[in-house]
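Right, one structure below, let's go through it.
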Amino acid sequence: MQDSELVKLAQKDDEQAFCALIQKYEKRIYNIAFKFMRNEYDAQDAAQDAIIKMFTNIRKFSFQSAFTTWMYRVTANTCLDLLRKKNPSADIEEFERLAVSPEGNPAADTINRELGNAIKDAIRLLPEKYIPIIVLKDMDGMKYEEIAEIMNISVGTVKSRISRAREKLRTILISQNIL
């Protein structure tokens, strides 16, 4: 059954249809939450909270976007709310770039970890409005249009925030003699 059919049934209080939607997307919901929360337990809590919000608000879904876009928006906003409550100054605890070099070179791996930690620290210094944009674009590889729809802002605002966030990151990294 297609998402739109399941949503219509769920809007008519068909719990099995809602469960079918969640089963279809539960891993994606968790993965979104994990990218924001950066640890398993908080991601599980955030995913559960997001699912409860989706269940509570499924009747408000108006089919102006894909269900997956709405699902992503609900999950991302839930995560941001939880992060603000948890610790307003640490919106994302980690921005991992701990890739192992293809050659298995320990020196290169160390440099990658140090750079990853520097970027993680720099992201913590960004204004809150830039963090989800960076996560959606640079970690999830989403298109500007998708981010605009999820964040409920214009494509121009997405582009300018990404540009400003990257410039601020660059400035921070230069000031710390990282770049």
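The values are calculated or read from the model by the stated rules, or taken from the named source; none is laboratory data. Nothing here was measured: the structure is a model prediction, and the numbers come from that model. A quick note on method: Cβ atoms are made from the backbone with ideal geometry, for glycine too, and the neighbour counts reach across all protein chains shown.
Could you list all residues from the stretch 35-61 that are among the aromatic types (Phe, Trp, Tyr) and free of Cβ contacts under 8 Å to residues at least 12 places away in the same chain?
Tyr41
Given the condition among the aliphatic types (A, V, I, L, M), surrounded by fewer than 18 Cβ atoms within 10 Å (Cβ to Cβ) and either over 20 Å from Arg38 (Cα atoms) or free of Cβ contacts under 8 Å to residues at least 40 places away in the same chain (or both), answer yes or no: does some residue in the stretch 151-163 qualify? Walk me through how you get there before you give the answer.
Residues of the stretch 151-163 that are among the aliphatic types (A, V, I, L, M), as a first pass: 151, 153, 155, 158, 162.
When the remaining residues are screened for being surrounded by fewer than 18 Cβ atoms within 10 Å (Cβ to Cβ), the result is 153, 155.
Okay, now just the ones that are also either over 20 Å from Arg38 (Cα atoms) or free of Cβ contacts under 8 Å to residues at least 40 places away in the same chain (or both), so 153, 155.
Within the stretch 151-163, one or more residues are among the aliphatic types (A, V, I, L, M), surrounded by fewer than 18 Cβ atoms within 10 Å (Cβ to Cβ) and either over 20 Å from Arg38 (Cα atoms) or free of Cβ contacts under 8 Å to residues at least 40 places away in the same chain (or both).
Go through Asn57, Asn105 for me and flag whichever is over 13 Å from the mean Cα position of the chain (by Cα), assigned by TED's automatic domain parsing to the domain that holds Ile147 and either among the polar types (S, T, N, Q) or modelled with pLDDT of 95 or more (or both).
Working: Asn57 fails: assigned by TED's automatic domain parsing to the domain that holds Ile147.
Step by step, each of Asn57, Asn105 is checked, and only Asn105 is over 13 Å from the mean Cα position of the chain (by Cα), assigned by TED's automatic domain parsing to the domain that holds Ile147 and either among the polar types (S, T, N, Q) or modelled with pLDDT of 95 or more (or both).
Among the numbered conditions (1) loosely packed, with under 14 Cβ neighbours inside 10 Å; (2) free of Cβ contacts under 8 Å to residues at least 40 places away in the same chain, tell me where Leu9 comes up short.
Here Leu9 clears every test but (1).
Quick test of your reading of the structure: Ser62 fulfils all but one of (1) of a type in the set (Gly, Ala, Ser); (2) outside any helix (DSSP H, G or I); (3) modelled with pLDDT of 95 or more. Name the failing condition by number.
(3)
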